[in-house]
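The values are calculated or read from the model by the stated rules, or taken from the named source; none is laboratory data. A quick note: this is a predicted structure, and the numbers were derived from the prediction, not measured. Here the Cβ is made from the backbone with ideal geometry for all residues, glycine too, and neighbour counts use every protein chain on show. What goes into the accessible areas is simple: the full protein's heavy atoms, side chains included, and nothing from ligands, DNA or RNA. Shrake-Rupley method; radii C 1.70, N 1.55, O 1.52, S 1.80 Å.
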Amino acid sequence: MGKRLLWAVLAGAAADLAGLGLIAAAAWLITRAAQQPPLAALSVAIVATRAFATGKGVFRYVERLTGHDVALRAQAGTREDLYDALIPPQRPRHGGADLLSRMVDDTEAVQDLLVRCLLPAAAAAVAGLAAVVIGLTVLPLAALVLVAGLALAGLALPAGTAAAARAGRPGSRPPARSWRAGWRTWCTGRRTWPRTAPTRRPCAGRRPPTRRWPPSNAARPACTPPPSPGAPWCRA
């Protein structure tokens with residue numbers, strides 16, 4: 001699985017580099033063609049533009065194919081380990097619908113972690129490093145500007161977004177129950193809101209109390225089913 005993951009990262013980085021090369025070649029071709037030079041002077045740029053455009057699609061397809069293969073294999077292994085953990089005759093900590101939801105959501109979080117978070121981040125890091133090396137050989141000043149832009153877009157902005165999310169209003173975002181919920185929030189942008197307790201509706205024919213009941217064992221109205229339709233639900 002590690003070899004497949006490496007191929008997926010390399011294919012994603014190659015697709016990103018092909019996209020950068022396509023932008024550079026197309027921009028140079030348009031600028032040079034405006035001067036109306038001989039066609040032989042544009043032949044290399046024309047071939048490079050076509051090659052980068054074709055390579056971008058091919059490498060992206062390979063990255064998607066290998067990345068999803070790794071993610072599905074990891075998800076299958078996680079489900080197998082989960083089923084093995086449920087074999088011993090012991091009562092699980094969670095049961096019923098909660099256990100089924102955890103079995104589905106937590107295993108899908110592994111797929112989201114690989115496909116939507118780790119693979120794009122690793123491919124972008126490799127492509128950015130290669131672009132910086134190429135920039136150092138061509139124009140060092142441009143490489144320094146590129147490093148500053150990559151640091152701002154890849155480190156400062158995500159850190160600021162995470163800090164702003166943590167510094168939100170109390171209760172606006174529930175804390176992650178586990179590391180899987182945290183990764184799922186980062187990768188998919190989805191949030192798991194806790195179930196709120198159902199609010200108690202006031203009894204028919206009575207207004208809700210304006211003050212809390214005293215802590216003593218004072219008599220309280222008991223709710224019983226109405227004897228007939230339309231009758232109040234509470235009686236003293």
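What FRET efficiency comes out for SER43 versus ALA148 if R0 is 45 angstrom and r is the Cβ-Cβ distance? Round to the nearest 0.05.
0.80
In nm, give the distance between the simple-model label positions of GLN35 and ARG79, each being 7 Å from the Cα along the Cα-to-Cβ direction.
The answer from the label model is 6.0 nm.
Work through the residues other than SER43 whose Cβ is under 14 Å from its Cβ and net out their charges, Lys, Arg +1 and Asp, Glu -1.
Once positives and negatives cancel, what remains is +2.
Percent of accessible area on the stretch 67-167 owned by carbon and sulfur, 1.4 Å probe?
69 percent
Report the net charge of residues surrounding GLY19, where surrounding means a beta-carbon distance below 15 angstrom and charges are Lys +1, Arg +1, Asp -1, Glu -1.
Overall, the nearby charge balance is +2.
Please work out the average accessible area per residue across the stretch 1-102, using the 1.4 Å probe convention, and give it in Å².
Per residue, the stretch 1-102 has 70 Å² of solvent-accessible surface.
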